[in-house]
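Down below is the structure, laid out as C-alpha cells.
The values are calculated or read from the model by the stated rules, or taken from the named source; none is laboratory data. Since this is a predicted model, take the numbers as computed values, not measurements. Glycine gets a Cβ as well: all are built from the backbone with ideal geometry, and neighbour counts include every protein chain shown. For the accessible areas, the whole protein counts, side chains as well, though only heavy atoms, and no ligand, DNA or RNA atoms are used. Shrake-Rupley method; radii C 1.70, N 1.55, O 1.52, S 1.80 Å.
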Amino acid sequence: MKKYDKKKVIFVGIIIACIIIILYIFSLKSGKKKNNNSVSNTNFIPQQNNSSEQNIYDNDFSESDDPFEIKYETKTIRNLENGKAKFVCTENFPKIEGLDDEVAKKIESHLSKLSNDVWKDINESTPDNEINELLKYRAENGNDSQIGFTLSYNVELRNKRIITFVYNLKGGLGGAAWDKSSGVSFNRETGEVINVRDVVISSEDYIKACKNYIFEKLKKNESSLPLKSGAQSIINKELESMSGYFTSNGIMCIEIPLYEIIDGNVNGEFKCEVPYSLIKNYVYSNYVSLS
C-alpha cells in the first residue's frame, strides 16, 4: 500500500471514531434527560407503605354507605307509685339492623347482660321498701316530681372493624345525680368484644404512654382535682389492668369514681381517653381509627 493510502485510511478511521464517540456522548445525555423527566413526573404519586400512619385511615368509611342501623326499644324496668309520687326506671335498648344476624345477636346479648348488671346494682341500692317509704314522704309533702333512672345506649364509634356502644345511666332519688357511663367495643365482623389487652403490641409501652398522659393532665388540674393519699396507686392499678374501649379520639383507658381518688364527698367519675396519636405505635394499626 502506498504511503498516502495509509494516511488516508488512518484519517478516515479517526473521523469514524470521533463520530462514534460523539454519538455515544449524545445518547448518554439523552438518556439522562429522559430519566430525569421520569422522576419529576412521579414525585407526586403517593407511595403505599405499611406504617401505622397509613393504616390509620384504612378503618374509616362513609357512614352513609354503611347498612348498619340502630332502632331503639323502650322498656319499663321498675315502676313504683304512691299517690302522684312515682319512681320509674326505663331503658332504651338498641336493636341492630344491617349486620349479619349472628353478629347482631352476639352484640345485643352482651349489651343485655351489661344492662342486667347495671340494673342489679341499682336494684340492690334502691330496695322497694326504701323507695316506697321515700315516695310516701314525697307524696305527703306535695312533691310529685318523678324520680328514678334511665339507661340508654349510643354508638360512639363505628368503622370497618369496630363498633363501640356507650351506655349512659341518668337519674337519682331527688338529690345528687347517680349519673355514670361506660362503653364496650365489638368486632363488627364477629360480634366478639374487643379487649384492649388483646390488640396491644407492647403492653409496657402502652401503659407507660397512658400513665404519662393521665398524670400530666392531673398535674395541670391538681387545684380542682386534689388527689388523696393512695390515689396514684389506684390509678396505676386501673391502667395496668388494660381495660377500656375505643372512641372516636382514642382509647378510654380509665374510669374511676371520683370519691376513690379525690378528697371529700364528691360525685361523678374520673374518665380519660388517651389519644391515638400517642399510642398508635403500640396498638395493632387495624384497630387504630381517626374520624
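The table below gives the values:
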quantity	calculated
Accessible area expressed per residue, the stretch 189-274, with surrounding protein chains retained (probe 1.4 Å, Å²)	54
Which of Trp119, Trp178 is most accessible, then next, and so on - probe 1.4 Å	Trp178, Trp119
Approximate shape of the stretch 70-196 as ellipsoid semi-axes (Cα gyration tensor, √5λ), whole Å, largest first	35, 13, 11
Length gained when the stretch Ser233-Asn267 is fully extended (0.36 nm per residue, less Cα-Cα span)	10.2 nm
Coordinate range along principal axes, alpha carbons of the stretch 139-184, Å, largest first	56, 14, 9
Accessible area of Asp65 in the full protein assembly, 1.4 Å probe (Å², nearest 10)	120
Extension gain from Ser243 to Ile201, taking 0.36 nm per residue of separation minus the Cα-Cα distance	13.6 nm
Surface/4 of the Cα convex hull for the stretch 172-291, nm²	8.9
Distance violations [Cα-Cα > 20 Å] among Lys105/Lys180; Lys105/Lys170; Lys75/Lys113; Lys106/Lys280; Lys208/Lys237	Lys105/Lys180; Lys105/Lys170; Lys106/Lys280
Charge context of Tyr259, other residues only, Cβ under 11 angstrom, K/R +1, D/E -1	-2
